[in-house]
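**Q** Pasting a structure below so you can have a look.
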Amino acid sequence: MNKVKSLILAGMLAFAPALAMGSPALAQDNAAAAAPAENAAAPVESAANAADAAPAAKVAAPPRMKPTEGIGMPRPGEITLQQQFTSTGHSARWLHDMMLLPIITIISILVLVLMLYVMVRFRRGANPTPSKTSHNTVIEVIWTVVPVVILLVIAVPSIGLLADQYKPAPKDAITVKVTGYQWYWGYEYPDNEIPEFVSNMLTKEKAAENGEPYLLAPDNRLVLPVGRPVKLIITGADVIHSFAVPSLWVKMDAVPGRLNEKSFTIDKPGVYYGQCSELCGARHGFMPIAIEALPPAQFDQWVLSQGGKPKAAEAATAATAEAPAPAAAPAKI
Ligand SMILES: [Cu+2]
């Protein structure tokens, strides 16, 4: 009884901060406290205006991409993983949908049918003198070998997928540093010389106005190129956060004092949403992630609009300067 009581108490304590900060007014205060974020939003959000005011050299950012309903976000009534947009994501979803789910379903049904059969067929009424059999070598061999074979069949794609998820990024990958803060994300592009900007959740009104999902949409997105390998260096500034974007098969802890790495290549342009996935304090549920994947040319335009240097352009110049190399590097663009 005491155990039950302490469990309930622990539950209440765990949820107390969330309940306490449930008031939207407080939430807004916190958002206001992170005011630099709002200012930092300016380069992306009002890039067009800024371009009007600034000298001609300033490049306008590409227009903010509209999300597609059900892509890069959960769908109502969804029973499997979100649609995937990276190669590891495709293999993971295949493993889940085509292998694990069918095997789990077949085993569960088989066990249920066997149990029902045994309960009916061998009940006392139908089977008054029970059998005294204690060994059956054939059956024992079957129920040992079959599970081993099933596990081996699962292991092959599973271990391959595990290895793929931790494959180091290729040399030409674009590096972005992702920092988790209580309670927002910071993004910095060392390769493109774009200093850190922060990303805060949009208010309900602003999200509705933009046609974006509330609680998933932040003001500044992490803009990335499509078809070019990306390397995220993920860390935490205060407590442990976790950078997770389900439709890109990305989930990596952001640990203070450590640099975790995650590498992937996005298949298709789009807006992909995610959330902090490590309980990190009162506003843990209010530090969403949005990745805007742009075609390489538009990505370079975005980099220029932020005052940065497009990396591919540098690589291309270097390639032409060094040697009349085959179109290997620029071909990716
Ligand atoms: Cu967090």
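We did not get these values from a lab; they are worked out from the coordinates using the rules stated. Treat the numbers as computed from the prediction; the structure is a model and nothing was measured. Positions of Cβ are generated from backbone atoms using ideal geometry, with glycine treated the same way; all protein chains shown enter the neighbour counts.
**Q** For Ile142 and Ala155 in the same chain, what is the full-extension length gain: residue separation times 0.36 nm, less their Cα-Cα distance, in nm?
**A** Values: separation 13, 0.36 × 13 = 4.68 nm, distance 1.97 nm.
Gain on stretching Ile142 to Ala155: 2.7 nm.
**Q** Here's a follow-up. Going from the alpha-carbon gyration tensor of region 174-312, what semi-axes, largest first and in whole Å, does one get by taking the root of 5 times each eigenvalue? Write out the running numbers ahead of the final one.
**A** Numbers: eigenvalues 95, 66, 37 Å².
Equivalent-ellipsoid dimensions as semi-axes: 22, 18, 14 Å.
**Q** Considering Cα pairs under 8 angstrom that are at least six residues apart, work out the relative contact order of region 174-312 and quote it in whole percent.
**A** Worked out over region 174-312, it gives 28 percent.
**Q** Let me ask something additional. What is the packing order of peptides 78-84, 167-173, taking the mean over residues of other C-beta atoms within 10 Å and listing the highest first?
**A** The most tightly packed comes first, giving 78-84, 167-173.
**Q** Given the Cα-Cα distance of Ala60 and Arg75 and 0.36 nm per residue of separation, how much length would full extension add, in nm?
**A** So the extension gain works out to 2.1 nm.
**Q** Can I ask one more? Take the alpha-carbon centre of region 72-121, take the same for region 182-241, and report the distance between them in whole Å.
**A** 32 Å
**Q** Separate question: Amide H of Val226: which non-local residues (sequence gap of 5 or more, or other chain) have their own amide H closer than 5 Å, using H built in the peptide plane?
**A** It is Leu294, by chain and number.
**Q** Then there's this: Report the calculated FRET efficiency for Leu279 and His96 (r = Cβ-Cβ distance, R0 = 25 Å), to the nearest 0.05.
**A** The value I calculate is 0.50.
**Q** Once you have the Cα-Cα distance between Ala163 and Asn260, take 0.36 nm times their residue separation minus that, and quote the gain in nm to one decimal.
**A** 33.3 nm
**Q** Next up: Calculate the FRET efficiency for Ile104 and Lys251 from the Cβ-Cβ distance with a Förster distance of 25 Å, rounded to the nearest 0.05.
**A** 0.70
**Q** Can I ask one more? Of the cross-linked pairs Lys66/Lys204; Lys231/Lys309; Lys66/Lys231; Lys204/Lys268; Lys177/Lys206; Lys167/Lys311, which ones have a Cα-Cα span greater than 19 Å in the structure shown?
**A** Check vs 19 Å cut-off fails for Lys66/Lys231; Lys204/Lys268; Lys177/Lys206; Lys167/Lys311.
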